[in-house]
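Below is one structure, written out as structure tokens, with a few remarks after it.
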Amino acid sequence: AQSVAQPEDQVNVAEGNPLTVKCTYSVSGNPYLFWYVQYPNRGLQFLLKYITGDNLVKGSYGFEAEFNKSQTSFHLKKPSALVSDSALYFCAVRVPSGNTPLVFGKGTRLSVIA
Amino acid sequence: DGGITQSPKYLFRKEGQNVTLSCEQNLNHDAMYWYRQDPGQGLRLIYYSQIVNDFQKGDIAEGYSVSREKKESFPLTVTSAQKNPTAFYLCASSDRAGDHNEQFFGPGTRLTVL
């Protein structure tokens with residue numbers, strides 16, 4: 001079975017500081033990994049994904065994520081946080097051979113304080 | 001949210017009533033999905049469909065039903081058998097299930113049982 005853990009329900013960061021939202025996964029085989037963002041009362045928006053190759057993936061709005069196979073992690077990062085980054089962030093995983101939908105973590109609420 | 005529409009945005013249901021949530025996509029995607037979102041629980045898969053006239057149960061299918069008669073449409077019916085239907089419902093689509101393609105989400109329908 002595949003699963004995703006987001007160990008922090010809430011992350012607070014000051015505007016201008018770097019931010020990290022953590023994600024660890026558990027799958028059999030090599031995973032496809034995704035990050036999404038959700039603003040209040042809206043659907044999820046795709047930020048970035050890891051399929052294969054370079055472990056550092058760059059995505060929308062200045063976000064990036066680093067795939068670490070030995071630590072089974074895919075943490076989301078941004079060098080300088082904006083107040084407008086405040087939202088709910090979801091990590092998701094899929095096994096390439098599994099032919100199944102994405103499995104999502106429970107989400108991490110990011111608050112960027114001015 | 002572009003390409004996937006959900007209606008209505010807000011829906012109120014009396015106990016014992018069935019209600020149907022609409023999901024339409026113009027992205028020519030083969031796969032479509034329904035998720036339920038509750039605070040602190042992330043996204044939980046209700047049903048998904050990989051192709052027209054075929055669908056599979058997700059993790060929490062009890063009390064829900066779906067149909068996939070057309071490629072662009074995947075309506076979800078919340079039946080009276082669903083004991084706690086108040087939640088935010090999200091529809092998504094992707095080129096194919098079980099691939100590296102990201103899922104695109106609609107804006108959601110918030111269902112409240114009165």
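A few points about this structure:
The rows are residues; the columns are (1) surrounded by fewer than 14 Cβ atoms within 10 Å (Cβ to Cβ); (2) within 28 Å of A:Pro7 (Cβ to Cβ); (3) under 10 Å from the mean Cα position of the chain (by Cα).
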{"residue": "B:Lys9", "(1), (2), (3)": "yes, no, no"}
{"residue": "B:Phe12", "(1), (2), (3)": "yes, no, no"}
{"residue": "B:Val52", "(1), (2), (3)": "no, no, no"}
{"residue": "B:Ser67", "(1), (2), (3)": "no, no, no"}
{"residue": "B:Ser80", "(1), (2), (3)": "no, no, no"}
{"residue": "B:Cys91", "(1), (2), (3)": "no, no, yes"}
{"residue": "B:Arg96", "(1), (2), (3)": "yes, no, no"}
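- Residues of segment B:85-114 satisfying the condition of being at pLDDT 90 or above and out of contact with any Lys or Arg (no Cβ under 9 Å at 6 or more places or on another chain): B:Cys91, B:Ala92, B:Ser93, B:Ser94, B:Gln103, B:Phe104, B:Gly106
- Close contacts from segment A:20-43, counting a first residue that is among the β-branched types (Val, Ile, Thr) and a second that is in a loop (DSSP other than H, G, I, E, B) and surrounded by fewer than 20 Cβ atoms within 10 Å (Cβ to Cβ), with Cβ to Cβ under 7 Å and a gap of 6+ residues or different chains, come to A:Thr24/A:Thr72; A:Val27/A:Gln2; A:Val27/A:Val95.
- Note on segment A:26-44: residues that are surrounded by 15 or more Cβ atoms within 10 Å (Cβ to Cβ) and either among the aliphatic types (A, V, I, L, M) or more than 14 Å from chain B (Cβ to nearest Cβ) (or both) total 4.
- The set of residues in segment B:35-44 that are at the interface with another protein chain (Cβ under 10 Å from one of its Cβ atoms) and either crowded, with 23+ Cβ neighbours inside 10 Å or touching a Pro at 6+ places or on another chain (Cβ under 6 Å) (or both) comprises B:Tyr35, B:Leu43.
- Candidate set from segment A:45-80 (those that are in contact (Cβ under 8 Å) with a residue 40 or more places away in the chain and more than 12 Å from the chain's Cα centre (by Cα)); member that is nearest to the other protein chains (Cβ to nearest Cβ): A:Thr72
- Test result for A:Pro96, closer than 20 Å to B:Asp95 by Cα and either among the hydroxyl-bearing types (Ser, Thr, Tyr) or surrounded by fewer than 18 Cβ atoms within 10 Å (Cβ to Cβ) (or both): yes
- Applying the criterion of at least 1 residues that are farther than 23 Å from A:Tyr36 by Cβ to the strands (runs of 3 or more DSSP E) found wholly in segment B:16-114 leaves B:19-25, B:42-51, B:54-57, B:64-66, B:76-78, B:109-113.
The values are calculated or read from the model by the stated rules, or taken from the named source; none is laboratory data. Small disclaimer: the values here were computed from a predicted structure and weren't measured. Reconstructed Cβ throughout: ideal geometry from the backbone, glycine too, with neighbour counts over all protein chains shown.
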